[in-house]
Structure formats: C-alpha cells, structure tokens
Amino acid sequence: MDICLPSIIYFFLSFIQIIIDCNNKLFNTAIVKFIITIIFVVILNLLCNNGLIILSWLFVLIPFIFMTVIVSLLLYHLNLDKSSGVLIKTQDNVVKKNIFPYIFTEYQ
C-alpha cells in the first residue's frame, strides 16, 4: 500500500504535536490526537488512491492558509507589531481603538 505525500506530511505534523503533548505530560490529549491522526491519514490515503490528490492536499493545507490569512488580517486591522503583538502608536501618538476590549489589553 503506497502512502501519498499529503498523508505523510499530515502524519509528521501531527506527530510533532503528539511529541509536544507528551513532553507537556498531556498523555490523554496525545492519545486522542494519535487516534485522530491515524483515521485522518487513512482518509487522506483513500482520497489519493481514488484520484482525488488535489482534495487531499486541500485538506492538509487549508488550516495553514486560513491561519495565515486570519493572523495577517488581525495584524493589519488592529495595527499590531508583527514580532511582539503590541499595539503600534499612530503618527498622532494615539493608540488605535481596541475592537476586542476583553481579549487584548493596551499597553502605552
């Protein structure tokens, strides 16, 4: 049984998460992630074997694409520094209004 590249990449990314969970002593979470990883790898491999390789790649890459878009929009819209996440003051030395008052705090 050949294992397609999207399945291998997903397995290794999930395996890194499982190692991190074990390192943090979250063994129950690691076991659940391992079971879900095996199921998802089998599904991705079935998609590849049935000629749906593009769909398999989409399932692997969509979370990364969405996360990149969401983080980029938040950094741009909230005027946050890319490296530290701290609000950047404007030219008038005024901090942009915080649209999420209970999530982000403003440091001046």
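Structural remarks
- With contacts taken as Cα pairs under 8 Å at a separation of at least 6 residues, segment 5-62 carries a relative contact order of 41 percent.
- Approximate spin-label separation Leu78-Leu46, in nm, with each point projected 7 Å along Cα-to-Cβ: 3.9
- Subtracting the Cα-Cα distance of Ile54 and Ile35 from 0.36 nm times their residue separation leaves 4.4 nm of extension gain.
Bear in mind these aren't lab numbers, they're just calculated from the coordinates by the rules spelled out. If you're wondering where the values come from, they're calculated on a predicted model, not measured in any experiment. No Cβ is skipped: glycine too gets one built from the backbone with ideal geometry, and neighbour counts run over all protein chains shown.
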